[in-house]
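Every number here is computed from the coordinates shown, using simple stated rules; none is lab data. For clarity, every value in this text was computed on a predicted model and none was experimentally measured. Every residue, glycine among them, receives a Cβ derived from its backbone with ideal geometry; neighbour counts consider all protein chains shown.
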Amino acid sequence: MKAIAAGFLAALFAFAASPGRTAAQGRAPMLVDSAWLALHLHDANLVLLQVGGQDDFPTAHIPGAQLITLADVSVSDPLTLQLPPIEKLTSAFEGRGISPDSRIIIYAGVNSVTPCTRVIWTLAYYGLGDHVSLLDGGLNAWRSAGKPVTSEIKTPASGKLTPHLHPEIFADANWVLANLHKPGVSLIDARMAHSYTGDGHIPGAQNIPVEELMSDTGQLKKGAAVADIFNKAGVRHGNQVVSYCYIGQRATLIWFLARMQGYSARVYDGSWQDWSMHHSDSIEK
């Protein structure tokens with residue numbers, strides 16, 4: 001985590017200088033569908049990333065897509081899933097052709113959206129959040145819409161990036177401890193209900209299993225349906241949403257949908273794995 005701490009210091013200087021998008025450009029929509037992607041598939045600045053493993057990608061993927069895995073954008077020592085040194089992110093993103101003017105679309109190769117939102121959260125932390133969208137339903141929705149797939153793999157020209165970090169979307173155990181029971185902070189546990197009740201949870205956390213936020217086909221619930229789920233968990237207008245899960249993957253879907261609903265949001269990187277190892281005296285059942 002030393003690299004993350006160093007990144008925070010760098011962010012104090014770089015954040016104000018971040019080019020982002022102009023007011024006229026605005027930010028990219030957080031969610032797009034297959035019809036939108038089909039219209040923009042050949043845009044010169046499009047970077048299309050399939051999130052998943054090595055097994056299925058060579059056989060069938062959306063034309064122009066490249067593969068990215070969680071291992072490309074994380075480290076697993078000492079915890080299973082953590083933000084890596086910034087240099088690793090720069091290499092991973094530049095190697096896939098990402099530049100400051102890129103339009104990045106992330107999609108799931110299989111019916112699992114939380115690895116995608118983990119990649120999107122990492123891109124947002126790096127400073128590319130205004131440029132990235134999730135393809136709703138992923139490859140399954142693309143194929144169901146009758147859109148083409150290919151086995152052709154292309155190597156893009158390398159991009160050139162300067163990180164502009166956003167530590168305000170990150171939380172660690174110290175941040176969580178400092179904000180327990182603080183008015184205006186909604187702590188959301190994204191684990192399955194039996195883990196929340198059986199293993200216990202961080203004091204004051206409310207449970208929203210991510211399965212409640214998705215359809216069986218991997219598409220996200222939207223609008224009033226999500227607002228109702230958040231409201232039942234005590235999330236009120238103006239609150240900051242802070243999410244955690246087992247290792248910091250599922251929690252990113254809560255972050256993603258909270259941002260879509262207009263909330264300020266953070267992810268506790270390390271999540272329950274970190275909390276249960278170091279703060280076992282502060283667990284609520």
Query - Contour minus Cα-Cα distance for T162 and K232 (0.36 nm per residue) - result: 21.2 nm
Report summary line: The simple spin-label model distance between T217 and S151, using points 7 Å out along Cα→Cβ, in nm, is 2.7
**Report entry** Set of aspartates and glutamates with alpha-carbon distance to K285 below 18 Å, sequence-local pairs under 8 removed
**Finding:** D189, D199, D274
Query - Karplus 3J(HN,Hα) series, Hz, for segment 82-92 with 6.51 cos²θ - 1.76 cosθ + 1.60 (x for Gly, Pro) - result: 9, 4, x, x, 4, 4, 5, 5, 4, 5, 5
Report summary line: Pseudo-spin-label distance H279 to T197, built 7 Å along Cα→Cβ, given in nm, is 2.4
Requested in this report: Return the lysines within reach of K222: Cα separation strictly under 16 angstrom, same-chain partners fewer than 8 residues apart disregarded; answer none if there are no such residues.
Outcome: K232
Query raised in the report: Between A225 and V110, what FRET efficiency follows from the Cβ-Cβ distance if R0 is 22 Å, with the result rounded to 0.05?
Result: 0.40
Query raised in the report: What is the Cα coordinate range of the chain on the first, second and third principal axes, sorted by size from largest, in whole angstrom?
Result: 53, 43, 39
Report task. Would you mind computing Rg(Cα) / (2.2 N^0.38 Å) for segment 172-278, counting N as its residues? Result -> 0.98
Report task. With a 10 Å radius around each residue's Cβ, average the other Cβ atoms per peptide and rank 106-113, 29-36, 252-259, 198-205, highest first. Result -> 252-259, 106-113, 198-205, 29-36
